[in-house]
């Protein structure tokens, strides 16, 4: 269990965002079937049941035969990011640039060994209000305390080097005051009326293949955490992190009104 200071650090840490900017008119004429998006919780459960970590007395050869070298690709939709936002959308009217930032956790705060140094892409972040109760401090002071339960579905982007290389933008092109947020980005110039028509209809989907972490046979992970209430912050919460280790292959931007694909970003292996 972490203390409140750790939780505040989690809330206030600097998010590292990857930004995708799209050009209307580059549509591939395809539509994405929004009814066929994969449920991350369901896939997490399936992978956890099917594949167990490498056993203490299991040889590497035995393990290699048991664990497939490649998994199928899944398509996950980003439904909400940190603090309840889907992703940031920014339009620069002076330069006619529309930016879409994805909720990447920079990994500046670690929760246990599983999430240590990971580059997390948040798919969903939901907070459930469990009600209120009256608490008493060590000095017999009374305070109303809110109880929360937090659930987060996420992807651990194991090929972050390739993703960041594909999204990297020259520093001279970064908007002043937002350099960190838009450090990894693509951009295109759009007429204001075009941007206005799409800004509230954007959907983002991630095509990714589950992979094992450190040859351990682990495709998935879970973390539990909690924090207690204080007089200055009368909130207590239990936090549930659930993630899948993945190789990101494509990032798709589409119109949520009809599923029309606006553009695709292919993530290929970058030369080092």
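To one decimal place, what Kirkwood hydrodynamic radius in Å is obtained for segment 125-164 from all pairs of distinct Cα atoms?
Final number for the Kirkwood radius of segment 125-164 is 13.7 Å.
Listing 133, 160 from the residue with the fewest other Cβ atoms within 10 Å to the one with the most, what is the order?
The most exposed by this proxy come first: 133, 160.
I need 74, 254 ordered by Cβ neighbour count within 10 Å, fewest first.
Ordered from fewest to most neighbouring Cβ atoms within 10 Å, 74, 254 come out as 74, 254.
How would you rank 72, 183, 130, going from fewest to most other Cβ atoms within 10 Å of each one's own Cβ?
Result, fewest neighbours first: 72, 130, 183.
For segment 206-257, what is the largest minus smallest coordinate of the Cα atoms on each principal axis, given in angstrom and ordered from greatest to least?
47, 41, 13
Only the coordinates and a few stated rules stand behind these numbers; no lab work does. All of these numbers come straight from a predicted model, not from anything done at the bench. With ideal geometry, Cβ positions are generated from the backbone for all residues, glycine too; neighbour counts draw on all protein chains shown.
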